[in-house]
Amino acid sequence: MTTTPAAEPLLDVQPTPLALLLLGREADPASERGVECPGDLPAASDPDLVERARAAKARLGDRVFILGHHYQRDEVIEFADVTGDSFKLARDAAARPEAEYIVFCGVHFMAESADILTSERQQVVLPDLAAGCSMADMATAEQVAECWDVLTDAGVADATVPVSYMNSSADIKAFTGRHGGTICTSSNAKRALEWAFSRGEKVLFLPDQHLGRNTAVREMGLTLDDCVVYNPHKPGGGVAPEQLRAAKMILWRGHCSVHGRFSLDSVNEVRERVPGVTVLVHPECRHEVVAAADMVGSTEYIIKALDAAPAGSKWAIGTELNLVRRLAKAHPDKEIVFLDRTVCFCSTMNRIDLPHLVWALESLADGRVVNRIQVDPETERFAKAALDRMLALP
Ligand code: 13P
Ligand code: SF4
């Protein structure tokens with residue numbers, strides 16, 4: 001996450017140079033995300049980048065399909081064939097069997113999901129392998145296996161159904177599939193929990209404690225006391241066996257470093273600053289933020305709510321800044337402000353920039369597949385079972 005103090009108006013602030021310095025180098029090879037990009041990237045200052053991207057895309061024609069997550073930079077979104085939240089993009093990737101290459105402008109776990117959901121002959125490319133997700137990194141396969149042992153020792157594993165947020169590695173999705181669980185996104189978390197509670201007494205929700213808690217308490221009628229937080233960095237998760245036995249929701253201690261920035265103070269401050277404002281936040285925000293907001297929903301929900309809003313209405317939006325700035329630009333008749341006073345991009349999403357996109361497209365057009373994201377067959381089999389359950393949710 002990249003934060004800089006900002007002067008008013010927040011939406012006019014340009015992206016910080018920091019994002020441009022992170023040109024795919026210096027990734028942590030032990031994390032969910034990949035390693036540094038090979039190859040020679042075009043210079044960010046090259047004035048021909050837009051033309052080069054256009055030309056390479058034209059050379060590839062229908063052989064390439066470019067997906068762009070809503071949090072991507074404008075310069076990248078411009079080249080996306082479709083844009084969407086992680087749920088829509090997972091479906092869109094699966095619905096294009098004729099495209100030989102899927103270029104995923106998003107983060108690593110999304111590209112993995114696209115690889116799992118597309119056919120053998122399709123190759124998924126992530127323009128910068130270092131575009132990961134700090135939340136997905138908060139749950140590793142070893143930690144989750146250990147957690148399951150803790151649940152087994154407490155005698156609750158048989159009554160527990162895992163529900164994993166899309167924002168998790170393929171390994172965690174495979175764990176979920178292996179144990180009869182489903183994947184969810186912020187668009188369908190309620191339906192996923194309903195499905196899970198029709199099959200078991202408890203849910204192990206991975207890795208975003210906030211989405212899990214917010215959905216359970218706001219939408220399912222559970223209480224905060226029905227939830228416990230499992231901390232993978234503490235012995236036994238830092239929860240006593242009797243607490244696990246009493247809980248309905250076992251929440252993994254993970255969070256989004258972008259949405260986690262918003263606070264109750266941000267909500268109170270914006271209500272003073274913009275009288276009559278409607279506060280609309282993403283469910284990855286902390287529970288007290290969601291409780292104080294007027295409306296809550298996924299990125300697709302936020303986009304639709306603003307499309308439907310009357311002219312002259314005022315909105316404070318608690319989600320990633322690239323999207324909020326685009327929404328403000330698209331609706332000049334409405335007052336749309338960013339919920340917080342600090343600029344808050346997802347820095348790993350921002351790693352996909354025009355130089356990386358040009359490099360990936362030109363390489364593909366020259367017959368070289370770079371930065372392919374490929375999930376091994378065993379992991380894929382179980383992860384696909386969990387993803388298919390999500391896609392089949394009513
Ligand atoms: P959605 O795309 O499901 O709204 O999730 C937001 C997000 O943080 C993606 O990384
Ligand atoms: Fe991960 Fe949050 Fe960035 Fe989404 S916005 S990719 S959850 S860090």
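The values are calculated or read from the model by the stated rules, or taken from the named source; none is laboratory data. Only a predicted model underlies this, so the values are computations on that prediction, with no experimental measurement involved. Note that each Cβ is placed from the backbone with ideal geometry, even for glycine, and that neighbours are counted across all protein chains shown.
Does residue 256 satisfy being surrounded by 18 or more Cβ atoms within 10 Å (Cβ to Cβ), under 28 Å from residue 296 (Cα atoms), touching a residue at least 24 places away in the same chain (Cβ under 8 Å) and more than 16 Å from ligand 1 (Cβ to nearest atom)?
So residue 256 fails the test.
From 326, 341, 351, grab the single residue that is under 28 Å from residue 277 (Cα atoms), within 16 Å of ligand 2 (Cβ to nearest atom) and not aliphatic (A, V, I, L, M).
Answer to the check: 326.
Can we say residue 226 is buried (at least 23 other Cβ atoms within 10 Å of the Cβ) and among the charged types (D, E, K, R)?
In short, no.
I need the full set of residues from region 76-87 which are out of contact with any Lys or Arg (no Cβ under 7 Å at 6 or more places or on another chain) and more than 8 Å from ligand 1 (Cβ to nearest atom), in order please.
Hits for region 76-87 are 76, 77, 78, 80, 81, 82, 83.
Six or more apart or on different chains, Cβ under 8 Å: which pairs go from a residue in region 201-217 that's assigned to a loop (DSSP other than H, G, I, E, B) to one that's of a type in the set (Phe, Trp, Tyr)? Could you list them?
207/165; 207/252; 208/165; 208/252
Identify, by number, the condition in (1) assigned by TED's automatic domain parsing to the domain that holds residue 321; (2) crowded, with 16+ Cβ neighbours inside 10 Å; (3) not basic (Lys, Arg) that residue 294 doesn't meet.
Residue 294 satisfies all of (1) assigned by TED's automatic domain parsing to the domain that holds residue 321; (2) crowded, with 16+ Cβ neighbours inside 10 Å; (3) not basic (Lys, Arg) except (2).
Suppose we filter region 296-320 for residues that are hydrophobic (A, V, I, L, M, F, W, C), under 15 Å from residue 337 (Cβ atoms) and touching a helix residue (DSSP H, G or I) at 6+ places or on another chain (Cβ under 8 Å); how many remain?
Summing the residues that are hydrophobic (A, V, I, L, M, F, W, C), under 15 Å from residue 337 (Cβ atoms) and touching a helix residue (DSSP H, G or I) at 6+ places or on another chain (Cβ under 8 Å) in region 296-320 gives 5.
Anything in region 271-291 that is basic (Lys, Arg) and surrounded by fewer than 18 Cβ atoms within 10 Å (Cβ to Cβ)? List them, or say none.
If the condition is that a residue be basic (Lys, Arg) and surrounded by fewer than 18 Cβ atoms within 10 Å (Cβ to Cβ), then 271, 273 are the ones that fit.
Among the candidates 336, 302, single out the residue that is surrounded by 14 or more Cβ atoms within 10 Å (Cβ to Cβ) and away from ligand 2 (no atom under 16 Å from the Cβ).
Going through 336, 302 in turn, just one is surrounded by 14 or more Cβ atoms within 10 Å (Cβ to Cβ) and away from ligand 2 (no atom under 16 Å from the Cβ): 336.
Considering only residues that are under 30 Å from residue 140 (Cβ atoms) and of a type in the set (Gly, Ala, Ser), look in region 27-65 and name the one that is modelled with the highest pLDDT.
Within region 27-65, the subset under 30 Å from residue 140 (Cβ atoms) is 27-39, 41.
Subsequent filtering for residues that are of a type in the set (Gly, Ala, Ser) retains 27, 30-31, 34, 39.
Numbers: 27: 46, 30: 51, 31: 56, 34: 53, 39: 68.
Filtering region 27-65 for residues that are under 30 Å from residue 140 (Cβ atoms) and of a type in the set (Gly, Ala, Ser), the one modelled with the highest pLDDT comes out as 39.
Can you work out which of the residues in region 57-93 that are touching a strand residue (DSSP E or B) at 6+ places or on another chain (Cβ under 8 Å) and free of Cβ contacts under 8 Å to residues at least 24 places away in the same chain is surrounded by the most Cβ atoms within 10 Å (Cβ to Cβ)?
83
Is region 94-104 home to any residue that is buried (at least 24 other Cβ atoms within 10 Å of the Cβ), in contact with a Phe, Trp or Tyr (Cβ under 8 Å, 6 or more places away or on another chain) and not small (Gly, Ala, Ser)?
Yes, that holds for at least one residue.
So is residue 174 among the small types (Gly, Ala, Ser), within 16 Å of ligand 1 (Cβ to nearest atom), surrounded by 22 or more Cβ atoms within 10 Å (Cβ to Cβ) and in a helix (DSSP H, G or I) or not?
When the stated conditions are applied, residue 174 does not pass them.
Restricting the search to region 186-200, which residues are part of a loop (DSSP other than H, G, I, E, B) and surrounded by fewer than 22 Cβ atoms within 10 Å (Cβ to Cβ)?
Within region 186-200, 187, 188, 198, 199, 200 meet the criteria.
Being within 15 Å of residue 144 (Cα to Cα) and of a type in the set (A, V, I, L, M) is the filter here; which residues of region 184-211 pass it?
203, 204, 206
Would you check if there is a residue in region 125-136 being within 12 Å of ligand 2 (Cβ to nearest atom), of a type outside the set (A, V, I, L, M, F, W, C) and surrounded by 23 or more Cβ atoms within 10 Å (Cβ to Cβ)?
Within region 125-136 (the criterion being within 12 Å of ligand 2 (Cβ to nearest atom), of a type outside the set (A, V, I, L, M, F, W, C) and surrounded by 23 or more Cβ atoms within 10 Å (Cβ to Cβ)), the answer is yes, since at least one residue qualifies.
For residue 245, are the conditions met, namely being away from ligand 2 (no atom under 16 Å from the Cβ), among the basic types (Lys, Arg) and either crowded, with 24+ Cβ neighbours inside 10 Å or under 24 Å from the mean Cα position of the chain (by Cα) (or both)?
Here the answer is no, as residue 245 does not meet what is asked.
Listed here are the residues, each with its yes/no results for (1) in the same structural domain as residue 104 (by TED's automatic domain parsing); (2) in contact with an Asp or Glu (Cβ under 9 Å, 6 or more places away or on another chain); (3) away from ligand 1 (no atom under 16 Å from the Cβ).
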{"position": "286", "(1), (2), (3)": "no, no, no"}
{"position": "301", "(1), (2), (3)": "no, yes, no"}
{"position": "305", "(1), (2), (3)": "no, no, no"}
{"position": "311", "(1), (2), (3)": "no, yes, yes"}
{"position": "318", "(1), (2), (3)": "no, yes, no"}
{"position": "330", "(1), (2), (3)": "no, yes, yes"}
{"position": "338", "(1), (2), (3)": "no, no, no"}
{"position": "356", "(1), (2), (3)": "yes, yes, yes"}
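Taking region 364-392, which residues are over 21 Å from the mean Cα position of the chain (by Cα), within 15 Å of residue 104 (Cβ to Cβ) and surrounded by fewer than 22 Cβ atoms within 10 Å (Cβ to Cβ)? Quick ask: steps written out before the conclusion?
Step one: list which residues in region 364-392 are over 21 Å from the mean Cα position of the chain (by Cα), which gives 364-370, 376-378, 381.
Those left that are additionally within 15 Å of residue 104 (Cβ to Cβ): 364, 369-370.
369, 370 - these are the residues of region 364-392 that are over 21 Å from the mean Cα position of the chain (by Cα), within 15 Å of residue 104 (Cβ to Cβ) and surrounded by fewer than 22 Cβ atoms within 10 Å (Cβ to Cβ).
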